[in-house]
Each structure stands twice: as structure tokens, then as C-alpha cells.
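Notes for the one structure printed next.
None of the figures in this text is laboratory data; all of them are computed from the coordinates on show. Values in this document were obtained by computation on a predicted structure and should not be read as measured data. Glycine also receives a Cβ, built like all others from the backbone with ideal geometry; neighbour counts cover every protein chain displayed.
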Amino acid sequence: MNADNPPVRRLADWPADRLDSLADEYDTPLYVLDLDRVRENYRRMARAFPDADVHYAAKANTVRPVLQALADEGAGIECASPGELQRALDAEVPPEHVQYTAVNPPDGDLDRAVELAADRPELTFTAGAADTVDRLAERGYDGRLCIRVNPGVGAGHHEKVATGADAKFGVPYDDVPDLLDSAREDFDVVGIHAHAGSGISGEDLSAHRELVSRMGDLAREVAHRGIDLEFVDIGGGFGVPYSPDEDPLNLDAVAEATREAVGSIDATLAVEPGRYLVADAGVLLTRVNTVKEAPGATVVGVGAGMTDLARPAIYDAHHEIRSLSDEWEDRPTREVTVVGPVCESSDTFGEHDLPAPERGDLLAIGNAGAYGYEMASQYNSRPRPASVVLADDSATPARRRETMADVTAVEERR
Ligand code: LLP
């Protein structure tokens, strides 16, 4: 792999001085996202899948500079809601590169999406149920349509993200050819799509192979019926190493397995990475506010909590933590439990070996570029944190820190 574009950026690789001065300038908790790294990740993905279209799953991080940088690199943008669709269009992503994957969409979502498509016939909509297809037709939509398939095979870093085997997602595999056949009377049928789940790991590609080979079979069956597909989208889920001892995904091996499994199809392959493009491009900076010796544990309270980064609370996800204290080399390593300020037991970043933390220390939480800010909440009436974006050695604020006025802005006061 090219030395200028390593397959992973570890938390230890981030320049401490730079992060320290950003924390001083913008206060903490602070999301820092390096756009140059996002571009590197995209280029590695595009190189591994040279014949495929790469659609970025925007749900991982929708901040405008990310959408713009990826579109500028040539990525399409896959949106999970009309809100994301609006964001992609606002970021001036060309509509022919934008897809909307509707999951049990409320009426208002379909109304909005169809309204956006009225002047943009290049948009593609993906429906995961026959009902969604009917409801699009009822709204007069007759544009580009893709069907999301339930491939019957799921994978993922946690049971809560193994979508492929979950009946909630996609049209049952065996029903897809008939649905495509009938849909082509009303729509421009362009593709089939499936997503196994989040967190393809290099150790076990069997679920991925199985999904891809099922999609290849389906594409051939559909072609046999005389339906021309433009693309076969095999979803995202390309994993990243969250622990320092985990190896990065061998993307070339995944791409090779994909090519083998899909077989010969008369359509372009599409992949939909989210996390892979943004996770290691982001860190969350936070300061230690409390150090407490308790029976059986040293508890280190920090400013960021589950409201800022929800993954540990929801999926028991591990995120590496690094001390950016000037004196870290002189301090003994301690096993500590890092917790946030939210009044919930699940508000914890787990156990970490850190140079004995002290009040005021700056900590960096790694791999925070994917599903970090996106899943942030205002629980406990906590304003959401700020984000800055780094590009070409300069830092630009991307989201200001919320205030209590933002938290209460929607409240009716009589
Ligand atoms: N395509 C579709 C249709 C998806 O539903 C998803 C993720 C992706 C692509 C991108 O998956 P990725 O490459 O980022 O793994 N909040 C969870 C992840 C949920 C992902 C849901 N769908 C997490 O923080 O791990």
C-alpha cells in the first residue's frame, strides 16, 4: 500500500500540538475532521474498486465540507432521508450522483423527495418495500427506481447493525424479479441494492461473499427476464480498526472477493461506504474534569458524553483514547474508567490505560469521524458540540457549538 496513503490513520498519528491548539481556540468537546484524510480514504476505495461507482453513505457524517470534498473526488452520495437529500443538493452534489434510500418512509418524506425530484429527474430513489413503490407511483413519481433487496444474510460489528438479515430492510429476495417486472411499467428501473450491515472484517468475508454472490445471481435472473439494470449496489459496511491491535481491512482482498463472488453481470457495480471514508479522519477532543479514586476503579470524568458520541453506549463500541497532556511521558500508566457527564450508567467510554490523568488534561477520542456528531443528542439538555474541519493545513469551523438557546428554540412558551 502506498506510503503516502496508509490504510489507517491511528489515533497516535494525529499531531498533538495541533489538536491542543484547536482545543484552546474552539473549546471542548470539539469534533475535528481532517478532509485530506477523507479524500485519501476515498482514493484508496476508488483504487480498490476501479470499475465500481462509490456512493458515500452520508449518514456517517453529513457536514457540508465532507459532502463537497467527496463529490469533488467523484463520489456519489447515498442519502437515508429527504433531509440528507436536501443536504447533498445544498452542497451542490450533481443530482445524477445522488440517491435516496427510503426505509419505511413517512408520507412527508416521500412528498418531499418527490418534490425535489420534480426538477431533478437524474435523482435515483431506492425502495425497500412494494408499498413504497406504490406510494411513489401514487405521487406521480415515474423516475429512476432501484429496489432494495433483503439478501437474507447479515453481518456487522454488533447485532444492532446487521441489517441484511433483518426483515425490516428490503424486499424479500424471491419477490424482487416480479416487483421489478411490474415496476418497469411505471418507472425507469435502474438497479438493485443490498446492504449486509456495518463492519465487514478481513477475518471473515463469508457473509460479504454470500451477499455479493446472491446479488450477482439476482442480476442475471433479472437480465434473463429482459430487464436492463444500470447498476448492482452491494452496500457499505467496510470496517475500520477501532483498536490499535486490530489490522486495517485489506481492501484489495475485499475487492477481489467481491469481483469473484458477483461473477459476470451486465451492470456497473456500486459500493456504499460510510464509516470507511470518514471514521479515522475524525477525533473528538475533551477535557478531564474529575478524577475519582473509587473502590475497584479510578474514574475519570470528561466533558464529552454519550450525547456527543453515542456509539459506546449503544453498541458497546470501543473508541481509543489518547492523552494529549504535555507530561504524559512522565506519568505512570493507569487503568482508568472514562465516563461522561450524563446521568446514565451507559454514559461511559469504558476502561483505558492512560498516563495517570489529571484535571484539565486534554484527551482525544479516536475514530470519531463516523456516526459521532450524527448521532449526538441534546439529552440532559446538553447543547451539541462544535466541529472544525482541517484542510490544506488550515482549520475552518464547520458547526458552531450549540447554546441553551438552541436547545430550547423549539419550545412553545405561553
Ligand atoms: N448503505 C446502507 C443502505 C446503510 O444502511 C449503511 C449503514 C451504509 C451503507 C454504510 O455503512 P458503513 O459503511 O458506514 O458501515 N450507527 C452505526 C452504524 C449504522 C449503519 C446503518 N447503515 C455505528 O455507529 O456503527
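Fully extending the segment from Ser381 to Asp217, taken as 0.36 nm per residue of separation minus the present Cα-Cα distance, adds 54.0 nm.
Using per-residue counts of other Cβ atoms within 10 Å, averaged over each peptide, order 392-404, 260-272 from highest down.
Working: 392-404: 12.4, 260-272: 18.1.
Peptide ranking by packing, descending: 260-272, 392-404.
Extending 7 Å from Cα along the Cβ direction at Asp353 and again at Trp328 yields two label points whose distance is 1.4 nm.
Each stretch of four or more DSSP H residues adds -39500 (n - 2.57); spread over every residue of the chain, this sum gives -8500 deg cm²/dmol at 222 nm. Note on Asp134 and Asp174: the extension gain reaches 12.5 nm, defined as 0.36 nm multiplied by sequence separation minus the Cα-Cα distance. If R0 equals 45 Å, the separation of the Cβ atoms of Asp181 and Lys160 corresponds to a calculated FRET efficiency of about 0.85. For helix 64-73, report the angle its Cα long axis makes with the longest principal axis of the Cα atoms of the chain; keep it between 0 and 90° and round to the nearest 10°. For 64-73 against the chain, the angle is about 50 degrees.
Obtain the nm distance between the two label points defined at Glu115 and Glu92 by a simple spin-label model: each point lies 7 Å from its Cα along the Cα-to-C-beta direction. Placing both labels 7 Å along Cα→Cβ, they lie 2.5 nm apart.
So what's the net charge close to His158: Lys and Arg +1, Asp and Glu -1, counting the other residues with Cβ under 13 Å from its Cβ?
Details: positive: Lys160, Arg275, Arg311; negative: Glu159, Asp166, Asp316.
The answer is 0.
With N the number of residues in the range 15-127, Rg(Cα) / (2.2 N^0.38 Å) evaluates to 1.24.
Shape class of the range 1-53 from the Cα gyration tensor (axes a ≥ b ≥ c, square roots of the eigenvalues): prolate, since a/c reaches 1.5 or more and a/b is larger than b/c.
Assuming a ≥ b ≥ c are the square roots of the Cα gyration tensor eigenvalues, decide whether the range 49-272 counts as rounded (a/c under 1.5), prolate (otherwise, with a/b larger than b/c) or oblate. Let's see the in-between values first.
Numbers: a/c = 1.64, a/b = 1.20, b/c = 1.36.
Since a/c reaches 1.5 but b/c is at least a/b, the shape of the range 49-272 is classed as oblate.
When the square roots of the Cα gyration tensor eigenvalues are ordered a ≥ b ≥ c, the ratio a/c for the chain is 1.5 or more and a/b exceeds b/c, which makes its shape prolate. Label separation (Ser394 vs Asp13): 2.5 nm, computed from points 7 Å beyond Cα along the C-beta direction.
Quick one: go through the range 363-402 and flag any residue whose amide nitrogen is under 19 Å from the point 7 Å out along the Cα-to-Cβ line of Asp4. Under cut-off, by backbone N: 391-394.
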